[in-house]
1. Only one residue in A162, A142, A156, A166 is touching a strand residue (DSSP E or B) at 6+ places or on another chain (Cβ under 8 Å) and without any contact (Cβ under 8 Å) to a residue 60 or more places away in the chain, so which one is that?
2. Take E190 and tell me if it is among the charged types (D, E, K, R), outside any helix (DSSP H, G or I) and out of contact with any strand residue (DSSP E or B) (no Cβ under 6 Å at 6 or more places or on another chain).
3. Determine whether A101 is assigned to a strand (DSSP E or B) and more than 24 Å from A45 (Cα to Cα).
4. How many of the residues in the range 189-221 are crowded, with 16+ Cβ neighbours inside 10 Å and polar (S, T, N, Q)?
5. Does the range 164-175 hold any residues that are assigned to a helix (DSSP H, G or I) and surrounded by 13 or more Cβ atoms within 10 Å (Cβ to Cβ), and which are they?
6. Under 8 Å between Cβ atoms, at least 6 apart or on separate chains: pull out the pairs that start in the range 116-134 with a residue that is among the β-branched types (V, I, T) and end on any residue that is in a helix (DSSP H, G or I) and surrounded by 18 or more Cβ atoms within 10 Å (Cβ to Cβ).
7. Considering every residue within the range 77-87, establish whether at least one is under 17 Å from the mean Cα position of the chain (by Cα), acidic (D, E) and either at pLDDT 95 or above or more than 18 Å from R121 (Cβ to Cβ) (or both).
8. Listed residues E158, E126, E152; which is charged (D, E, K, R), at pLDDT 95 or above and more than 29 Å from N30 (Cβ to Cβ)?
Amino acid sequence: MADDTLIPPSPKYDPAGDPPPDDAALFAENEPFALFERWFTEAKAKEPNDPNGMALATADASGFPDVRMVLLKGFDRDGFVFYTNGESAKGRQLEANPRAAVVFHWKSLRRQVRIRGLVQRASDAEADEYFQSRDRGARLGAWASKQSRPLEDRLALEKRIAEFTAKFGLGEVPRPEHWRGYRLVPLSIEFWRDRPFRLHDRLVFTRESAGAPWGKSRLYP
């Protein structure tokens, strides 16, 4: 049995408190990318840390699931882009099973967005452009880190960083071939907002394939 002192109690609501945002206004879009852009803009203004943080769920070739936090680095009507070491656990899983799901949880807004779809590699040009926008230390770290593989101790990582710092000197740090971008092409996007007594609002957009028209429906909480 879990220690009850570690689990926050369910929220209590003040009947005299401010009402939640108007439902019609909150969901007033007929396609999901415009609604995501509006919610994401609000999150950037109100979320204190990493509004672009998202939990990325993947599965290996056997179907065994895995999840971790990553950062959204771009989105448009083609999909949602993130970058990683292609030789990492998530990179290998995406090669074996190019399907994924992400969830954004914006605690300050009491909202979340869930996205499921197919994964494609971003172009080398996109990856090159984003890689060069990173801090130099992060670019060196992309060379030094054998992401997801065993590390004997912190010193071994620091030695590799020193090796690549010496290798590139003051010159350009190019993108490693194994470091790449991925685009999640959504087939389902669900928008959720908190309501009292677990009677939450859920609006979902779905489509059969990329480029197909979106359907829109509500779900029971």
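The values are calculated or read from the model by the stated rules, or taken from the named source; none is laboratory data. A quick note: this is a predicted structure, and the numbers were derived from the prediction, not measured. Methodologically, a virtual Cβ is constructed for each residue, glycine included, from the backbone with ideal geometry; neighbour enumeration extends over all protein chains shown.
1. A142
2. Against the criterion (among the charged types (D, E, K, R), outside any helix (DSSP H, G or I) and out of contact with any strand residue (DSSP E or B) (no Cβ under 6 Å at 6 or more places or on another chain)), E190 does not qualify.
3. For A101, the condition - assigned to a strand (DSSP E or B) and more than 24 Å from A45 (Cα to Cα) - is met.
4. 1
5. F164, T165, F168
6. If the second residue must be in a helix (DSSP H, G or I) and surrounded by 18 or more Cβ atoms within 10 Å (Cβ to Cβ), the pairs left are V119/L94.
7. yes
8. Checking each option against the conditions leaves just E158.
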